[in-house]
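What follows draws every value from the coordinates through simple rules; no lab data is involved. This structure is a prediction, so every number in the text was calculated from the model and none was measured. FYI the Cβ positions are ideal-geometry reconstructions off the backbone, even for glycines, and counts take in every protein chain you see.
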Amino acid sequence: MPTGGITLSIESQFENIFLVGQAINKIVSSIPVSEKTAFEMELAVVEALNNAVEHAHHLQRAKRVKVRVSLESDLVSFTVIDQGAPFDFEAAMRTAAIMENVPEVERGRGLGIIRSLMDEIKYERKGKANHITLIRYLKRS
Amino acid sequence: MKASPRLEEQFEGNALIVKLLDSRFDAVSAPVVRERFAALIGEGHHRIAFDISEVEFIDSSGLSAAVWALKRLGDDGKLVISGARGSVMSVLRLTRLDKVFRLFPNTGMAVAALSD
């Protein structure tokens, strides 16, 4: 499979998220991964971008969200970088785990979807940016 | 810039079919759909089949809009989903919303269920 990386960057608004989502679907399809896996990766990144635009940037269009896509021999990772305030990632993950047992909840299932679709989620605070890395391991054929 | 989401509405029997004509039900289209559901429910439409057969991509925002409408109707009405397929059905199952909504493969079956 090809290895390498690319960084995508958008203005922080919901209307731009589909651009990244569709680009990621195309990129990972070239590895190749199945249509289902490509969709799941697209959805996980879209959910992370939704959170960045709404919760980190509070819909401020002047800010930018970046997604660093890294293709390695055995995994694909997506690092979503926003300029929002630091937050308690572990607490957010615990809440997401609880919410998964309440399917009828109206909001707040984005992180739970990411948890379900990706193998690892990591959070780092670097300078004034949040880095959330989503990792999906590739099955060996 | 994406265009505003397009909705089509049609009466069949005593049910209203609301069809989302866009392929993505996401953070852009969800608020518009939610607003339309609010207006329709406010006008007294209490038996609604939400046709998402054209939708190829759904995220948590789309799911939230549908759950919001279901809760808004509460015990006074019914909202069912028709036409979910492929990856959209996978997301409904992943989030266990397939247990929350009544799902039908097409609007005919959805309307029949609403007429019970």
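With each label modelled as a point 7 angstrom along the Cα→C-beta vector, the A:Ser9-A:Ser34 pair spans 3.7 nm. The amide H of A:Lys63, built 1.01 Å from its N in the peptide plane, has A:Ser12 as neighbours under 5 Å, considering only residues 5 or more places off or on other chains. Couplings for the stretch A:32-44, taken from phi via the Karplus curve 6.51 cos²θ - 1.76 cosθ + 1.60 with θ = phi - 60°, read x, 10, 5, 4, 5, 5, 4, 4, 5, 5, 4, 5, 4 Hz in order; Gly and Pro are left as x. 3J(HN,Hα) along the stretch B:59-76, derived from phi through the Karplus expression 6.51 cos²θ - 1.76 cosθ + 1.60 where θ = phi - 60°, amounts to 10, 5, 5, x, 4, 4, 5, 5, 5, 4, 5, 4, 6, 4, 5, x, 7, 7 Hz, with x in place of Gly and Pro. In this model, which of A:Lys36/A:Lys126; A:Lys63/B:Lys71; B:Lys19/B:Lys99; A:Lys66/B:Lys71 are farther than 25 Å apart at the alpha-carbon? With Cα atoms farther than 25 Å apart: A:Lys36/A:Lys126; A:Lys63/B:Lys71; A:Lys66/B:Lys71.
Please list log₁₀ I(q)/I(0) at q = 0.10, 0.15, 0.19, 0.22 Å⁻¹ for the stretch A:19-141, using the Debye equation with identical point scatterers on the alpha-carbon positions. Those come out to -0.30, -0.69, -1.08, -1.35, one per q. Averaged over the residues of peptide B:101-113, the number of Cβ atoms from other protein chains lying within 10 Å of each residue's Cβ is 0.
Using the Karplus relation 6.51 cos²θ - 1.76 cosθ + 1.60 with θ = phi - 60°, the per-residue 3J(HN,Hα) values for the stretch A:66-72 come to 10, 10, 9, 9, 10, 9, 10 Hz, with x marking Gly and Pro. The mean number of Cβ atoms from other chains found within 10 Å of a Cβ in peptide A:88-95 is 0, as a whole number. Counts of other chain beta carbons within 10 angstrom of each beta carbon in peptide A:48-60 average 1. Between amide H atoms placed 1.01 Å from N, distances below 5 Å from B:Ala15 occur with no residue 5 or more places distant or on a separate chain.
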